[in-house]
Amino acid sequence: MKQLLRTTSLACCLALMTGCEIDDLSGDNYHYDFNLGSHGWQVGYSDYPADYENIEIYQLQHGIRPLPQGFSGQGLMISGHNRSDDLFMFMKRKISGLQPSSRYTAKLKLNLLSNAGVGCMGIGGSPGESVYLKFGYADIEPKQVGYYLNVPKGNQAENGSQAKVIGNLATEGANCEATLYKDKTIETSSVQTLNFTSDANGTIWLFIGTDSGFEGLTTLYYRSVEIQLKAG
């Protein structure tokens with residue numbers, strides 16, 4: 001696998017010269033800078049009635065967008081109004097080139113922009129502390145099936161069998177009027193590390209998302225994701 005990653009890194013360097021979206025791989029580190037594009041990350045939503053006739057009230061939006069005032073460059077913006085009191089907004093990506101049917105641990109370092117201040121009041125819950133960030137894995141593509149996600153991610157503050165709560169959106173320096181975005185970095189602790197087995201083809205799906213108990217509008221910008229995988 002090391003040789004594969006070194007070869008991929010060389011291809012990535014060449015891709016940078018041509019302006020392509022690439023994965024910056026170093027050893028077992030996978031780094032995605034959303035200022036350069038989506039890098040194959042896809043956005044999804046679950047835990048809401050997708051067939052609701054007035055679905056526009058959820059205000060679901062996402063894509064590579066310019067960062068808000070005070071920041072330069074682009075990020076992966078994900079936004080939604082939590083009318084269901086349980087909206088899960090997530091991004092997902094299939095990771096390939098792993099050792100087939102092998103045990104791995106996964107650590108995450110995540111950088112984002114949030115406008116949710118610390119200790120603020122909100123509808124149903126706070127816009128910061130009641131919006132829980134989760135990191136999970138799946139051997140099938142994570143997506144909404146019926147009402148819920150097809151992967152056991154847990155509900156809001158609870159861990160699932162295939163996902164861990166790694167923090168929330170409350171950010172020092174942001175205000176309770178949601179008019180000021182601030183930078184936030186989250187790194188998984190030892191108890192938040194994922195443990196999974198790759199499939200027979202050496203692949204796994206990873207996902208990162210917000211499980212919300214705040215019944216208002218949440219709009220955040222993911223700036224970068226760094227995932228460290230370790231076999232054994």
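Taken together, the values in this text are just the output of simple stated rules run on the coordinates, not laboratory data. Here the structure is a predicted model, which means the values were calculated and not measured. With ideal geometry, Cβ positions are generated from the backbone for all residues, glycine too; neighbour counts draw on all protein chains shown.
Report the gain in length on full extension from S190 to D51: 0.36 nm times residue separation, minus Cα-Cα distance, nm rounded to one decimal. Display every interim value, and only then the final one.
Working: separation 139, 0.36 × 139 = 50.04 nm, distance 3.93 nm.
Once the chain is fully extended between S190 and D51, it gains 46.1 nm.
Counting 0.36 nm for each residue step from D199 to N150 and taking away their Cα separation leaves a gain of 15.9 nm.
Projecting label points 7 angstrom from Cα along Cα→Cβ for N35 and E172 puts them 2.3 nm apart.
On the beta carbon distance between D85 and D183, with R0 = 35 Å, the FRET formula returns roughly 0.80. Label sites at E158 and I123, each approximated as a point 7 angstrom past Cα along Cα to Cβ, lie 2.5 nm apart.
Between beta-carbons, use under 11 Å as the cut-off and find the net charge around D199, counting Lys and Arg +1, Asp and Glu -1. List each step's numbers first, then the result.
Details: positive: K94; negative: D139.
Result for the local shell: 0.
Each Lys and Arg contributes +1 and each Asp and Glu -1, all at the Cβ; summed about the Cα centre of region 73-217, the dipole is approximately 480 debye.
Summing -39500 (n - 2.57) over the DSSP H runs of n ≥ 4 in the chain and dividing by its residue number, what mean residue ellipticity at 222 nm do you reach, to the nearest 500 deg cm²/dmol?
Numbers: 1 runs with 17 residues, N = 232.
Helices in the chain give a 222 nm mean residue ellipticity of -2500 deg cm²/dmol.
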